[in-house]
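Novice: Handing you a structure now.
The values are calculated or read from the model by the stated rules, or taken from the named source; none is laboratory data. Bear in mind that the values here come from a model prediction, so they are computed numbers and not experimental data. Here the Cβ positions follow ideal geometry from the backbone for every residue, glycine too, while neighbour counts run over all protein chains shown. Accessible surface is based on the protein model in full, side chains and every heavy atom, while ligands, DNA and RNA are left aside. Shrake-Rupley method; radii C 1.70, N 1.55, O 1.52, S 1.80 Å.
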Amino acid sequence: MTTSHDIIVVGGGGAGLRAAIAAAETIPGIDVAVVSKVYPMRSHTVSAEGGAAGAIAEDDSLDEHAYDTISGGDWLCDQDAVEIFVKDAPKELLRLEHWGCPWSRQPDGRIAVRPFGGMKKQRTWFAADKTGFHLLHTLFQTSLKYDGVHRYDEWYVSKLLVDDGRVQGVVAVELTTGRIETITAKAVILTTGGCGRVFPFTTNAAIKTGDGMALAYRAGAPLKDMEFIQYHPTGLPFTGILITEAARAEGGYLLNKDGYRYLQDYNLGTPTPTPVLRSMELGPRDRLSQAFEHEVAKGRTIDTPYGPVVHLDLRHLGAKLIDTKLPFVRELCLKYQNIDPVTELVPVRPVVHYTMGGVHTDIDGATPVDGLFAAGEVACVSINGANRLGSNSLPELLVFGTRAGRAAAWHVFRHGKEPTQAVLSQAADERRRLQKDVLEHDGGDERISAIRTSMQTTMEESAGIYRSGDSLAKAADTLGELQERLPRAALDDRSLAFNTELIAALELSAMLDVAESIVASALRREESRGAHQRTDFPARDDNRFLAHSLAVREADGSCRVDYLPVTITRWAPGERVYGR
């Protein structure tokens, strides 16, 4: 079966809904399909807790937000994109206010802002500690008023249809029935989020399997800066559930096994009476995660069945502040650790949290493939460089979701063409592949779960917080072997309705492609910058690597890595210092 729309948005989270709304507002009557693997309110945007950065305080400025972002990204950010981002972020957050987002407020009624890691000024808007939930709910409700926005909830996109150098639609599987459908369009926007599930221990939801990155990569769009994987310093042991940076923004301490605030020993700044400046617990995430690894090496962490941990201490904040500003943190600790942060220490450890890299786009979300756009964590525009600052991700999906939606709408209006017969043939081939080679595949001595576990273990051990050329080369070999094993994995479930094993097989294929791009990009970058730390190349090397990596999929399936210069506008690269 074939259906048609003007624009297909793949992904129903914050970036996807914002793009759909922007497209609908740009060209009245445009037909937009939002194809989402889950019901939109179950998208991972809902899990963002801490807040969204936008410079509005009297002592703040757009230039200061830009500089914090650029220096925090270890000078790998494209500065033209950052200048657009900081300018548009407050406007987008205010627009959400008008649409009904319940931002927390000061006693005088003005928007409340809190400090966040790596930022010199208080500029993070928040809705208690459920910011992502309220932001996503606001976007979802707003999207309902546009008759031209149609939803395909619980559909998995397995392929982009590309012919004559332009994207012309997708092939998707309806999870509830197993029906395989061709959906054609004149533009496609990828908003599927990150790829944290490539690693075993992550804050990311189970749905974040790099699907959109793999779709673009296979269609000919490069993946940019994939070697930069952010670890968040405070995840709960075992589950990986995030304890938001807001807990430290409100004054929480990180303590080692001796009860010592160990971050004062690292280059993160000095403690201050109020947690406003770049002091210790509010250092950037990459530095805090690296400091944890040093504490492990010194034997100053606590051993648990789920690896070494340190403690997050919120007890001194008191029940009133925690229940007012961090109620979800208390709820998570009680439900998943049986610990009350009002009276007890919370065990935490670094966990994979965010992908700085993604599909290569320009400032309007356009990829090198005609008609293909991307926004949010799936994309790399790049405003995050080598390390994203906390609370920049939510305004990023708003700002660049808007720009991608508008650009896609104008693309359809000015350049849109009907799909060619060749893409319909591609779609038929994909339907046969899914039916015969995946769902009805007989024999095979491999298990999806075993291959996935091997991939995750390999990535954690070889491409984690610290990497080396030897570990990465070993990982590349292992991933190549796993790619060869994947076709031998047969499905036990041959049913059509809610065949989660089929989806797991498709997700694993995507994750392996993405994992290979991460390792290949990390192996080529012979320096240490931000979240990419090479033990064999410990220094930053601007002469060779002040450039974006571009992972390109070759015809034989191998990965080639090229480089693209970083866009510098007003801030010359300098030493990244967080100190006294």
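Novice: Write out, first by first residue and then by second, each pair whose Cβ atoms fall under 9 Å of each other, whose residues are 6+ apart or on separate chains, and whose first residue, in segment 131-148, is over 10 Å from Leu96 (Cβ atoms) while the second is of a type in the set (Lys, Arg) and surrounded by 20 or more Cβ atoms within 10 Å (Cβ to Cβ).
Specialist: From segment 131-148, the pairs are Ser143/Arg18; Ser143/Arg151.
Novice: Is it true that Glu49 is closer than 20 Å to His353 by Cα and in contact with a helix residue (DSSP H, G or I) (Cβ under 7 Å, 6 or more places away or on another chain)?
Specialist: Details: closer than 20 Å to His353 by Cα: yes; in contact with a helix residue (DSSP H, G or I) (Cβ under 7 Å, 6 or more places away or on another chain): yes.
When the stated conditions are applied, Glu49 passes them.
Novice: Right, something else. Can you report the number of residues in segment 517-561 which are in contact (Cβ under 8 Å) with a residue 12 or more places away in the chain, open to solvent by 40 Å² or more (accessible area, probe 1.4 Å) and in a helix (DSSP H, G or I)?
Specialist: Residues meeting the conditions: 4.
Novice: Only one of (1) in a strand (DSSP E or B); (2) surrounded by 24 or more Cβ atoms within 10 Å (Cβ to Cβ) is not met by Cys333, so which one is it?
Specialist: (1)
Novice: So which residues in segment 446-474 are farther than 28 Å from Thr500 by Cβ and aliphatic (A, V, I, L, M), if there are any at all? So that I can check it myself, show each step before the final result.
Specialist: Taking segment 446-474 first, the residues farther than 28 Å from Thr500 by Cβ are 462, 464-474.
Those that are farther than 28 Å from Thr500 by Cβ and aliphatic (A, V, I, L, M): Ile465, Leu472, Ala473.
Novice: If we keep just the residues of segment 121-145 that are in contact with a strand residue (DSSP E or B) (Cβ under 8 Å, 6 or more places away or on another chain) and in a loop (DSSP other than H, G, I, E, B), which is most open to solvent (accessible area, probe 1.4 Å)? Give the steps one after another, and end with the answer.
Specialist: First, the residues of segment 121-145 that are in contact with a strand residue (DSSP E or B) (Cβ under 8 Å, 6 or more places away or on another chain): 122-126, 131, 135, 143.
Keeping just the survivors that are in a loop (DSSP other than H, G, I, E, B) gives 122-123, 126.
Numbers: Gln122: 68, Arg123: 1, Phe126: 9 Å².
Residue satisfying both the conditions and the ranking: Gln122.
Novice: Right, next: Please work out which residue is surrounded by the fewest Cβ atoms within 10 Å (Cβ to Cβ), limiting yourself to segment 146-175 and to residues that are farther than 17 Å from Tyr39 by Cα and of a type in the set (Gly, Ala, Ser).
Specialist: Taking segment 146-175 first, the residues farther than 17 Å from Tyr39 by Cα are 146-148, 158-171.
This time we only want the ones that are of a type in the set (Gly, Ala, Ser), so: 148, 158, 165, 169.
Details: Gly148: 17, Ser158: 23, Gly165: 10, Gly169: 30.
The residue in question is Gly165.
Novice: So in segment 541-574, with the set limited to residues that are under 24 Å from the mean Cα position of the chain (by Cα) and charged (D, E, K, R), which one is nearest to Arg218 (Cα to Cα)?
Specialist: My answer is Arg553.
Novice: Taking Val342, is it under 24 Å from the mean Cα position of the chain (by Cα) and either of a type in the set (A, V, I, L, M) or open to solvent by less than 10 Å² (accessible area, probe 1.4 Å) (or both)? Reasoning before the result, please.
Specialist: Details: under 24 Å from the mean Cα position of the chain (by Cα): no; either of a type in the set (A, V, I, L, M) or open to solvent by less than 10 Å² (accessible area, probe 1.4 Å) (or both): yes.
Here the answer is no, as Val342 does not meet what is asked.
Novice: When residues of segment 96-122 are filtered for being among the charged types (D, E, K, R), farther than 24 Å from Val566 by Cβ and in contact with a helix residue (DSSP H, G or I) (Cβ under 8 Å, 6 or more places away or on another chain), how many remain? Step through it out loud before you land on a result.
Specialist: To start, the set of residues in segment 96-122 that are among the charged types (D, E, K, R) comprises 97, 105, 108, 110, 114, 120-121.
Filter once more, so that each one left must be farther than 24 Å from Val566 by Cβ: 97, 105, 108, 110, 114, 121.
Still in the list and also in contact with a helix residue (DSSP H, G or I) (Cβ under 8 Å, 6 or more places away or on another chain): 114, 121.
The qualifying residues number 2.
Novice: Exactly one condition in (1) in contact (Cβ under 8 Å) with a residue 24 or more places away in the chain; (2) open to solvent by 10 Å² or more (accessible area, probe 1.4 Å); (3) of a type outside the set (Gly, Ala, Ser) is not met by His98; state its number.
Specialist: The single condition His98 does not satisfy is (1).
Novice: I need the strands (runs of 3 or more DSSP E) fully contained in segment 176-239, keeping only those with at least 1 residues that are within 30 Å of Val329 (Cβ to Cβ), among the small types (Gly, Ala, Ser) and open to solvent by less than 30 Å² (accessible area, probe 1.4 Å). Lay out the reasoning, then the answer.
Specialist: Values: elements: 180-184, 187-190, 229-235.
In segment 176-239, the matching strands (runs of 3 or more DSSP E) lie at 229-235.
Novice: Go through segment 406-463 and give me each residue that's part of a helix (DSSP H, G or I) and of a type in the set (D, E, K, R).
Specialist: Step one: list which residues in segment 406-463 are part of a helix (DSSP H, G or I), which gives 406-415, 421-439, 448-462.
Answer for segment 406-463, where residues must be part of a helix (DSSP H, G or I) and of a type in the set (D, E, K, R): Arg406, Arg414, Asp429, Glu430, Arg431, Arg432, Arg433, Lys436, Asp437, Arg452, Glu460, Glu461.
Novice: Further question on the same structure: Can you tell me how many residues within segment 276-313 are farther than 12 Å from Val348 by Cα, at pLDDT 95 or above, part of a loop (DSSP other than H, G, I, E, B) and in contact with a helix residue (DSSP H, G or I) (Cβ under 6 Å, 6 or more places away or on another chain)?
Specialist: Count: 0.
Novice: Moving on. Inspect all residues belonging to segment 12-26 and state whether any of them is of a type outside the set (S, T, N, Q), touching a Pro at 6+ places or on another chain (Cβ under 9 Å), closer than 26 Å to Thr177 by Cβ and in a loop (DSSP other than H, G, I, E, B). Before you say what the answer is, go through the steps one by one.
Specialist: Filtering segment 12-26 for residues of a type outside the set (S, T, N, Q) gives 12-25.
Keeping just the survivors that are touching a Pro at 6+ places or on another chain (Cβ under 9 Å) gives 12-13, 16-17.
Pick out the ones that are also closer than 26 Å to Thr177 by Cβ and you get 12-13, 16-17.
Still in the running and in a loop (DSSP other than H, G, I, E, B): 12-13.
Within segment 12-26 (the criterion being of a type outside the set (S, T, N, Q), touching a Pro at 6+ places or on another chain (Cβ under 9 Å), closer than 26 Å to Thr177 by Cβ and in a loop (DSSP other than H, G, I, E, B)), the answer is yes, since at least one residue qualifies.
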